[in-house]
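Contents: one structure, followed by commentary.
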Amino acid sequence: MSVHLVGGGRDLDAAANIYGGFAAECAQRAVVSGRDVPRIGVVVVAEREDLDAGVDWFRQALERSLPVEVVSATAELTGELTLAVPDARWWAGLDGLVVGGGLTPAYHRVLQPHAVDIAAAVADGLPYAGFSAGAMVAPARALLGGWRIETTPVTHEDNAEDLDEITVVDGLGLISSTVEVHTSQWGTLSRLVAAVAAGRTTSGIAVDENTVVILDPTTDDAPAGEPAPGRVLGAGQAWFLTTDDGAVRVDRRTPTEVR
């Protein structure tokens, strides 16, 4: 099973292409579990009035590929930022997990208490799809936001996510490369390049909107200086960043390329 990194974008007409592979993996896991319809967990962190609509959008996106049973785990931005999941077995009992988009530091705060359980479930074959913030919190080292390194701006202040300094912290640990999203649309590639160049992380993947990078979490650790293997699907492109003798190497891939 795979980790699917979606760079944002809410085009339902593109959903079958972006989420179809994830839905198929969930269906495979459901068969093993004895279910006809895959049970997919959807995590959304938002204002109270936006929670139901946020969960329903992912239901619609997934159902462009096949029927699904969606079970939600939500947290209000104005609340205590905790998820009401019964226990650790909840994650393992899913056929797939989608983590939605919004304020990345909030998603990180909500999910870190469950990081060990989520990582264990993914290691046991649970497919994971991270949308925007959900993609950014997936790696071992997660980029939460920020727009400057010390006093130097490295992206537009609008991309800061309420943070000033570029902030890279421990994430869910599902993959090795740090993730950036909305890349062409928001001009965030420079932030990831700066983070790698400054040694905040050693490798990265930047993904456009309506585009997905699909990684096998058991093989995404490439040799030093080599970009991670992975597939790119969708309307945009992705950039795979590594370091080479102190310089940042950027490997651009289009949806037609498979490495």
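Listed values, structure above:
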| item | result |
| --- | --- |
| Members of the range 86-119 found to be under 16 Å from Asp170 (Cβ atoms) and either at pLDDT below 95 or surrounded by fewer than 14 Cβ atoms within 10 Å (Cβ to Cβ) (or both), listed by number | Pro113, Val116 |
| Hits in the range 124-149 - residues which are outside any strand (DSSP E or B) and aliphatic (A, V, I, L, M) | Leu126, Ala133, Ala135, Met136, Val137, Ala138, Ala140 |
| Answer residue from the range 150-188, given it is in contact (Cβ under 8 Å) with a residue 60 or more places away in the chain and in a helix (DSSP H, G or I) and is surrounded by the most Cβ atoms within 10 Å (Cβ to Cβ) among those | Thr183 |
| Meets criteria (at pLDDT 95 or above and buried (at least 24 other Cβ atoms within 10 Å of the Cβ)) for Pro67 | no |
| Leading residue by the ranking (surrounded by the fewest Cβ atoms within 10 Å (Cβ to Cβ)) among those in the range 1-52 that are within 21 Å of Asp216 (Cα to Cα), over 17 Å from the mean Cα position of the chain (by Cα) and aliphatic (A, V, I, L, M) | Val32 |
| Pick from the range 30-63, criterion in a strand (DSSP E or B) and touching a residue at least 60 places away in the same chain (Cβ under 8 Å), ranking: nearest to His4 (Cα to Cα) | Val43 |
| Output for the range 189-201, where each listed residue is assigned to a helix (DSSP H, G or I) and either over 19 Å from the mean Cα position of the chain (by Cα) or without any contact (Cβ under 8 Å) to a residue 40 or more places away in the chain (or both) | Ser190, Ala194, Ala197 |
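Conditions tested, residue by residue: (1) outside any helix (DSSP H, G or I); (2) in contact with a strand residue (DSSP E or B) (Cβ under 6 Å, 6 or more places away or on another chain); (3) under 26 Å from Gly9 (Cβ atoms).
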residue: Ser65; (1), (2), (3): yes, no, yes
residue: Val71; (1), (2), (3): yes, yes, yes
residue: Leu83; (1), (2), (3): yes, yes, yes
residue: Asp87; (1), (2), (3): yes, no, no
residue: Gly101; (1), (2), (3): yes, yes, yes
residue: Tyr107; (1), (2), (3): no, yes, yes
residue: Ala119; (1), (2), (3): no, no, no
residue: Val122; (1), (2), (3): no, yes, yes
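The values are calculated or read from the model by the stated rules, or taken from the named source; none is laboratory data. All figures in this text were calculated on a predicted structure; none of them were measured in a lab. Note that each Cβ is placed from the backbone with ideal geometry, even for glycine, and that neighbours are counted across all protein chains shown.
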